[in-house]
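FYI, it's all coordinate maths here, none of it is from the lab. Because the structure is predicted, anything quoted here is derived from the model rather than measured.
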Amino acid sequence: MKTNTKFMLVYQNEAMKSILKDHGDYLFLDSTHKTNKYKMPLFQLMVFTPHGYQVYTNQTFTSQVTDSS
């Protein structure tokens, strides 16, 4: 049975939250499109630190993505 249930799982721990707060002037969004076994898109929000590191500050799985174009 197919349902129209929408689903979103967002993960952010305290360290990720702190890094986002301290270095969130420039945000980058990385995504994969349905490459996991559940065929769900994965979005990862990143920041660059002053030392040049890319750090993930949020990870989000969602069941539905709408193309707004």
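Tell me the mean residue ellipticity at 222 nm calculated for the chain from its helices only (DSSP H runs of n ≥ 4, each -39500 (n - 2.57), averaged over every residue, nearest 500).
Taking each H run of at least 4 residues, the total per residue is -4500 deg cm²/dmol.
Eight or more residues apart or on different chains, and alpha-carbon atoms under 23 Å: count the Lys pairs in the chain matching that.
6
Angle check, please: helix 14-23 long axis (alpha carbons) against the longest principal axis of the chain (alpha carbons), in degrees 0 to 90, nearest 10.
Its long axis makes an angle of about 60 degrees.
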